[in-house]
Amino acid sequence: QAAADPMSSSDAPEDGPKETSSVSQNISDAEAFKILLEMKMKKRQKKPDLPGTVTELDTEDGSKVYVVGTAHFSDSSKKDVVKTIQEVQPDVVVVELCQYRVSMLKMDERTLLKEAKEINLEKLQQAIKQNGVMSGLMQMLLLKVSAHITEQLGMAPGGEFREAFKEASKVPFCKFHLGDRPIPVTFKRAIAALSFWQKVKLAWGLCFLSDPISKDDVEKCKQKDLLEQMMAEMIGEFPDLHRTIVSERDIYLTYMLKQAAKQIELPRASETEPRNYIPAVVVGVVGMGHVPGIEKNWNSDLNIQEIMSVPPPSASSKIFKFVIKATVFGLMGYGCYRIGQRTVRFILSMPAAQSYLQKLTEIRSQH
């Protein structure tokens with residue numbers, strides 16, 4: 001309406017509103033799209049003022065991808081995401097989430113904070129039911145780590161993704177994509193890649209994680225040199241785990257960003273009008289640890305079929321699974337035995353029971 005009737009309300013004649021209404025009704029979808037697109041392009045900065053955590057990548061057809069490297073428990077990362085989306089006015093925003101973790105976009109900080117701290121038997125059963133015994137236990141251990149950080153910082157995870165979701169909704173014609181590999185696939189491939197002793201060592205380390213974490217420690221994760229040092233330490237101890245959880249997801253995220261960066265087709269007034277395309281602008285929101293891998297894979301031909309398959313369980317996985325089940329059932333059996341033993345002692349200590357047993361003993365002695 002503003003484009004159709006540029007006059008202000010004070011200057012408009014008496015029949016202005018009717019005229020504006022009839023003009024706006026005559027605008028086709030294609031024309032309306034073009035008007036809004038022009039407004040978006042005017043707002044889009046040609047030389048955007050971007051935070052230092054943003055890496056700019058280009059495609060062969062001229063599309064631009066701005067990858068925001070974040071720390072998952074960082075207030076400054078939220079601000080970086082908001083500023084980047086506002087500056088570049090993207091056509092697509094891609095976040096490091098999959099459909100199994102999309103619920104964190106809809107929850108508020110207080111609910112997420114509560115959820116992260118409450119890890120109970122019901123959640124464990126649900127995780128095992130969805131992902132299997134080994135992957136379910138691994139998921140719960142990682143949730144425990146997340147809860148530990150949440151408790152230390154008083155901040156729920158995924159704040160940068162929620163900010164990205166909010167800001168994307170404010171940009172005309174901006175799509176929102178989930179760019180991460182499904183978490184059950186990642187967990188199952190990670191479990192299959194570890195040896196029996198590596199599983200034990202990892203589970204032990206996660207179970208007894210209690211080191212204090214500060215907001216300064218989180219911000220250090222945004223510094224590439226320190227992050228690379230931390231990654232190198234992890235690779236040395238669990239190289240196969242790093243491959244499945246980090247390197248393979250680098251490939252998947254790169255693939256999804258490149259898919260999102262395909263040129264955009266402009267709407268046509270009629271079928272006879274030739275098709276016109278413009279380069280896309282994409283913002284990717286990923287953990288800083290994935291940025292070097294995305295840069296490395298950007299100009300490669302990627303095939304994600306191989307990293308989407310789940311290998312059959314190894315012999316060590318079967319042994320570890322058997323040990324876990326045997327331990328659980330053993331503890332349950334011992335618990336039942338102890339409860340039964342205490343129950344019998346309690347019943348025998350009651351006066352009525354003692355009187356009954358005394359009479360029974362007398363009857364047997366008479367016979």
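The values are calculated or read from the model by the stated rules, or taken from the named source; none is laboratory data. Quick caveat: nothing in here was measured; it's all calculated off a predicted structure. Cβ atoms come from the backbone with ideal geometry, glycine included; neighbour counts cover every protein chain shown. What goes into the accessible areas is simple: the full protein's heavy atoms, side chains included, and nothing from ligands, DNA or RNA. Shrake-Rupley method; radii C 1.70, N 1.55, O 1.52, S 1.80 Å.
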Matching entry among PHE196, PHE208, PHE187 (being assigned by the TED database to the domain that holds GLY158, modelled with pLDDT under 80, touching a Ser or Thr at 6+ places or on another chain (Cβ under 7 Å) and more than 19 Å from GLU160 (Cβ to Cβ)): PHE196
Could you pull out every one of the strands (runs of 3 or more DSSP E) wholly within region 36-99 that has 1 or more residues that are assigned by the TED database to the domain that holds PRO292 and free of Cβ contacts under 8 Å to residues at least 40 places away in the same chain? 54-58
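When you scan region 271-283, do you find a residue that is under 19 Å from PRO182 (Cα atoms) and modelled with pLDDT of 95 or more, even just one?
No, because not a single residue in region 271-283 is under 19 Å from PRO182 (Cα atoms) and modelled with pLDDT of 95 or more.
Take ILE213 and tell me if it is surrounded by fewer than 21 Cβ atoms within 10 Å (Cβ to Cβ) and modelled with pLDDT of 75 or more. Show your work before the answer.
Working: surrounded by fewer than 21 Cβ atoms within 10 Å (Cβ to Cβ): yes; modelled with pLDDT of 75 or more: no.
It is false that ILE213 is surrounded by fewer than 21 Cβ atoms within 10 Å (Cβ to Cβ) and modelled with pLDDT of 75 or more.
In this structure, is LEU36 at pLDDT 90 or above and open to solvent by 30 Å² or more (accessible area, probe 1.4 Å)?
Working: at pLDDT 90 or above: no; open to solvent by 30 Å² or more (accessible area, probe 1.4 Å): yes.
The answer is no for LEU36.
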